[in-house]
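Novice: Submitted below is the structure of interest, expressed as structure tokens.
Just so you know, all these numbers are worked out from the coordinates, no wet-lab data involved. In this text the structure is predicted, and so the values were computed from the model without any measurement. Here the Cβ is made from the backbone with ideal geometry for all residues, glycine too, and neighbour counts use every protein chain on show.
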Amino acid sequence: MTNQNNKTEYQGPERVFSGVQPTGQLHLGNYLGAIKRFVHLQEEMETIYCVVDLHAITTWQDPKELHSAIREVTAFYIACGLDPKRSILFNQSKVSAHAELAWIFNCVARMGWLNRMTQFKDKAGKNRENASVGLFAYPSLMAADILAYKATHVPVGDDQKQHLELSRDIAQKFNNDFGSLRPGAEHFFPLPEPLIAGPAPRVMSLRDGSKKMSKSDPSDMTRIHLSDSDDDLAKKIRKARTDPEALPSESAGLKDRPEAENLVTIFAALADRTKDDVLSEFGGAQFSAFKPALADLAVATLAPFRDKAEELMAAPDEIDRILEDGAARARAIADPILAEVKDLVGFI
């Protein structure tokens, strides 16, 4: 359903949109898989980064914890290098265009499209009948997040690629439906392009190299939180699962060694090096030598983010000011687009 000629047909500015859920503590996978790339992108084009609190409540959240988590994600955004003057930073619920456009897109999307979304099946599991309607319709809201700003590029990980494809399908169907009624509307929305999300789009669990690092894993030892102390960070790396073999001298030697590959990938991403470059230094070494080097690198890289975030969290009024300012700038973009959508749909 998507149109490969979209780049030449859509004439608007290049614009990036992405977001992070304020559920659980941010971890190394969030940083290497997304936020690090967010920082680089603000040097290249217009960037809008959101704390997606509407998405967060598709599953139950304690209101007090959610309130704090919204500020914490914002603090880490800034601590990791996002500049509120260069990028628009805000929380989703402050801009009503997201929810309003999501309803319109619920009426554009087809049930069959949403039924094919594998992430809903994974998250709902055997409890599908008890899952919220919001969890099922999550991809329509994601499409609204992106298209409320006519974003042309979206950093996505492997688990969100299917949702971005749906966003493109929704945009194309909207363009087709209303373009047939009004000349020019056939290219109203861009078909957003995926961007590789970060230097390590898929950081794996420290205890099982076949599973993605996740906030929802019951064991705290499976992930490195950005808020971890230096001692906890080093301890988690020291206890990370590995195999008994020495490190290979080339990345091809990591095949069928998921835990080893995960640690080398983390080192390379933190150091802005390739895996082959890392292995040229550590090839032949045992993990007893590699893990301390990785721990030192992780502490040196992540501790300043933690310290800066703690400093920001001690000034909640300033975080709230940044979010409000970002929301006002976001509304200045989204509200006129939503007004055009309402006009196309036929609302008075």
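Novice: Determine the shape class of the stretch 70-202: with a ≥ b ≥ c the square roots of the Cα gyration tensor eigenvalues, call it rounded for a/c under 1.5, and otherwise prolate if a/b is greater than b/c, oblate otherwise.
Specialist: Oblate shape, in that a/c is at least 1.5 and b/c is the bigger or equal ratio.
Novice: Which pairs in the list Lys236/Lys275; Lys215/Lys291; Lys121/Lys308; Lys126/Lys342; Lys161/Lys275 are over 31 Å apart, alpha-carbon to alpha-carbon?
Specialist: Violating the 31 Å Cα-Cα cut-off are Lys121/Lys308; Lys126/Lys342.
Novice: Please work out whether the stretch 220-311 counts as rounded, prolate or oblate from its C-alpha gyration tensor, where a ≥ b ≥ c are the square roots of the eigenvalues and a/c under 1.5 means rounded, while otherwise a/b larger than b/c means prolate and anything else oblate?
Specialist: prolate
Novice: For the chain, what relative contact order do you get, as a whole percent, if you take Cα pairs closer than 8 Å and at least 6 residues apart?
Specialist: 24
Novice: Restrict the search to the stretch 1-92; then list the trypsin sites (Lys or Arg not before Pro) that DSSP places in a loop and that have at most 16 other Cβ atoms within 10 Å of their Cβ.
Specialist: Lys85, Arg86
Novice: Give me the percent relative contact order of the stretch 86-203, please, defined on Cα pairs under 8 angstrom at least 6 residues apart.
Specialist: 27
Novice: Further question: State log₁₀ I(q)/I(0) for the stretch 124-236 at q = 0.14, 0.23 Å⁻¹ as given by the Debye formula over alpha-carbon point scatterers of equal weight, solvent excluded.
Specialist: Normalising to I(0) and taking log10 leaves -0.78, -1.20.
Novice: Mind running the shape call on the chain? Use the C-alpha gyration tensor, a ≥ b ≥ c as the square roots of the eigenvalues: rounded below 1.5 for a/c, prolate if a/b tops b/c, oblate otherwise.
Specialist: Judged from the Cα gyration tensor, the chain comes out prolate (a/c at least 1.5, a/b above b/c).
Novice: Once you keep just the Cα pairs under 8 angstrom separated by 6 or more residues, what percentage relative contact order results for the stretch 220-311?
Specialist: 37
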